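Below is one structure; the comments refer to it alone.
The values are calculated or read from the model by the stated rules, or taken from the named source; none is laboratory data. In this text the structure is predicted, and so the values were computed from the model without any measurement. Cβ sites come from the backbone with ideal geometry, for glycine too, and all protein chains shown count toward neighbours. Heavy atoms of the whole protein, side chains included, go into the accessibility calculation; ligands, DNA and RNA do not. Shrake-Rupley method; radii C 1.70, N 1.55, O 1.52, S 1.80 Å.
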Amino acid sequence: MIMKKLYFGDCLDILKDLHKEHPQGFIDLIYIDPPFNSKRDYNILFESLDFADATAQKQAFADTWSNVSYLDALNEIKDVDLDLWNFLHTLDTVGISKSAVAYLTTMAIRLHYMHKVLKETGSFY
Ligand SMILES: C[S@@+](CC[C@H](N)C(=O)[O-])C[C@H]1O[C@@H](n2cnc3c(N)ncnc32)[C@H](O)[C@@H]1O
């Protein structure tokens, strides 16, 4: 099946909808270039052809996780994968930084649903 669709939005919402529509995995290949907890903010540069406003820029996305709330996602993971929840909950209690737990929890719930929508023979990069 070729999807020929481009989705815009939080991939978690889209993945959940896709999983509801196709409870068995149906995707052959997933490639992601996600945030990597680089602790940096990334900007888009606006360059006119004559470079007159090359310094103009706007924040594209923040790869900083210290102020990200993750408890809802952690609770959600408890309902769908208890082993994963145990792992993340243990990290949360052994004193690694809250920002690292926030990042891992945010990624974990999304990776859980990516796994769900992927075929058993599917590839993930
Ligand atoms: C490492 S950058 C990838 C940039 C991209 N490959 C490019 O060349 O522009 C990570 C991207 O993931 C996006 N992102 C972060 N959280 C997301 C989410 N929950 N759903 C969808 N995209 C997300 C960010 O906005 C950012 O553009």
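What the table shows:
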| quantity | calculated |
| --- | --- |
| Conditions (1) among the hydroxyl-bearing types (Ser, Thr, Tyr); (2) at pLDDT below 95; (3) open to solvent by 60 Å² or more (accessible area, probe 1.4 Å); number of the one not met by SER38 | (3) |
| Any pair with Cβ under 6 angstrom, 6 or more apart, that starts in segment 107-125 at a residue that is part of a strand (DSSP E or B) and ends at one that is open to solvent by 90 Å² or more (accessible area, probe 1.4 Å) and not hydroxyl-bearing (Ser, Thr, Tyr) | SER123/LEU29 |
| Candidate set from segment 59-87 (those that are touching a strand residue (DSSP E or B) at 6+ places or on another chain (Cβ under 8 Å) and under 15 Å from ALA102 (Cα atoms)); member that is farthest from the ligand (Cβ to nearest atom) | THR64 |
| Test for SER69: is it assigned to a loop (DSSP other than H, G, I, E, B), open to solvent by 90 Å² or more (accessible area, probe 1.4 Å) and modelled with pLDDT of 90 or more | yes |
| Enumeration of residues in segment 46-65 that are under 16 Å from the mean Cα position of the chain (by Cα) and either modelled with pLDDT of 95 or more or open to solvent by 70 Å² or more (accessible area, probe 1.4 Å) (or both) | PHE61 |
| Filter result (of a type in the set (A, V, I, L, M, F, W, C) and open to solvent by 30 Å² or more (accessible area, probe 1.4 Å)) within segment 92-117 | VAL94, ILE96, LEU104, LEU111 |
| Scan of segment 5-23 for residues that are open to solvent by less than 90 Å² (accessible area, probe 1.4 Å), within 12 Å of the ligand (Cβ to nearest atom) and not in a helix (DSSP H, G or I), ordered by number | GLY9, ASP10 |
